[in-house]
């Protein structure tokens with residue numbers, strides 16, 4: 001069950017860059033959501049520009065594979081946002097739109113999950129962190145279906161089970177653990193200040209859900225899984241296209257050389 005977890009008793013290296021990415025994103029999330037709580041649409045768009053600048057800046061220090069993963073995460077999550085919010089009404093932003101900062105924000109959140117997941121802290125203490133996350137999120141889910149919560153959260157309990165599946169069966173458990181921390185942070189702040197609100201009844205399942213659902217990290221795990229799984233075929237296709245283009249140019253040059261002779 002823990003075959004994809006890091007090996008124990010290994011001195012994994014600490015990289016300042018990983019912690020900088022995480023700290024910077026946690027800070028930006030708080031500032032952005034607090035600023036958007038009472039902001040105009042124009043300021044919301046300005047926040048989106050800043051988010052794109054920050055994301056591009058952070059990606060400059062990453063390799064091609066991570067950049068492709070982030071691009072896939074942004075595309076997939078943005079499509080999901082438009083489907084889940086304006087179309088389905090699973091949750092609603094203040095202006096009933098998808099704010100301009102959300103697509104690049106998903107990129108920063110994904111990159112943070114990757115950075116924290118590969119950090120020395122998470123690699124060295126993987127099992128302790130996993131146990132803490134399971135206990136905290138499990139208690140949160142139980143509270144949501146106990147009858148004591150202000151808003152029932154059956155959806156959150158289901159998502160928590162999905163999250164457990166990702167955590168113990170997925171190939172990147174450290175990324176999923178890291179996703180729990182950053183997504184819980186942004187969901188608690190965003191819903192607390194009214195930047196968005198989750199519907200009391202899930203429009204698809206017809207079950208009560210919290211604001212936010214306790215296992216909401218599972219949705220972000222899906223984004224992470226799609227990004228990591230999609231990067232390899234995209235890079236392979238890009239390499240094939242480059243090779244085909246180069247071979248075409250070589251053949252063209254060869255033909256031109258033969259004609260000149």
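The values are calculated or read from the model by the stated rules, or taken from the named source; none is laboratory data. This structure is a prediction, so every number in the text was calculated from the model and none was measured. Note: ideal-geometry Cβ built from the backbone for every residue, glycine included; neighbour counts use all protein chains shown.
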- Quick one: is residue 100 surrounded by 15 or more Cβ atoms within 10 Å (Cβ to Cβ), in a helix (DSSP H, G or I) and modelled with pLDDT of 95 or more? no
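Determine whether region 122-134 contains at least one residue that is more than 19 Å from residue 184 (Cα to Cα) and touching a helix residue (DSSP H, G or I) at 6+ places or on another chain (Cβ under 8 Å). Steps first, answer last, please.
Step one: list which residues in region 122-134 are more than 19 Å from residue 184 (Cα to Cα), which gives 123-125, 127.
From what's left, touching a helix residue (DSSP H, G or I) at 6+ places or on another chain (Cβ under 8 Å): 123.
Taking every residue of region 122-134 in turn, at least one turns out to be more than 19 Å from residue 184 (Cα to Cα) and touching a helix residue (DSSP H, G or I) at 6+ places or on another chain (Cβ under 8 Å).
Kindly indicate whether residue 18 is under 23 Å from residue 127 (Cα atoms), buried (at least 17 other Cβ atoms within 10 Å of the Cβ), at pLDDT 95 or above and in contact with a helix residue (DSSP H, G or I) (Cβ under 9 Å, 6 or more places away or on another chain).
Working: under 23 Å from residue 127 (Cα atoms): yes; buried (at least 17 other Cβ atoms within 10 Å of the Cβ): yes; at pLDDT 95 or above: yes; in contact with a helix residue (DSSP H, G or I) (Cβ under 9 Å, 6 or more places away or on another chain): yes.
Considered against the rule, which asks whether it is under 23 Å from residue 127 (Cα atoms), buried (at least 17 other Cβ atoms within 10 Å of the Cβ), at pLDDT 95 or above and in contact with a helix residue (DSSP H, G or I) (Cβ under 9 Å, 6 or more places away or on another chain), residue 18 comes out as yes.
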- Give the number of residues within region 147-170 that are in contact (Cβ under 8 Å) with a residue 12 or more places away in the chain and not in a helix (DSSP H, G or I). 5
- Message: Checking the conditions here, which among 138, 144, 61, 117 is under 17 Å from residue 25 (Cα atoms) and either under 16 Å from the mean Cα position of the chain (by Cα) or in a helix (DSSP H, G or I) (or both)?
- Response: 117
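For every residue, the table says whether it meets (1) surrounded by 13 or more Cβ atoms within 10 Å (Cβ to Cβ); (2) out of contact with any helix residue (DSSP H, G or I) (no Cβ under 7 Å at 6 or more places or on another chain); (3) not in a helix (DSSP H, G or I).
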| position | (1), (2), (3) |
| --- | --- |
| 42 | no, yes, no |
| 46 | yes, yes, no |
| 65 | yes, no, no |
| 71 | yes, yes, no |
| 82 | yes, yes, no |
| 104 | yes, no, no |
- Message: Between a residue in region 126-140 that is within 20 Å of residue 11 (Cβ to Cβ) and any residue that is at pLDDT below 95, which pairs come within a Cβ distance under 6 Å, given they are 6 or more apart or on different chains?
- Response: 126/5; 126/6
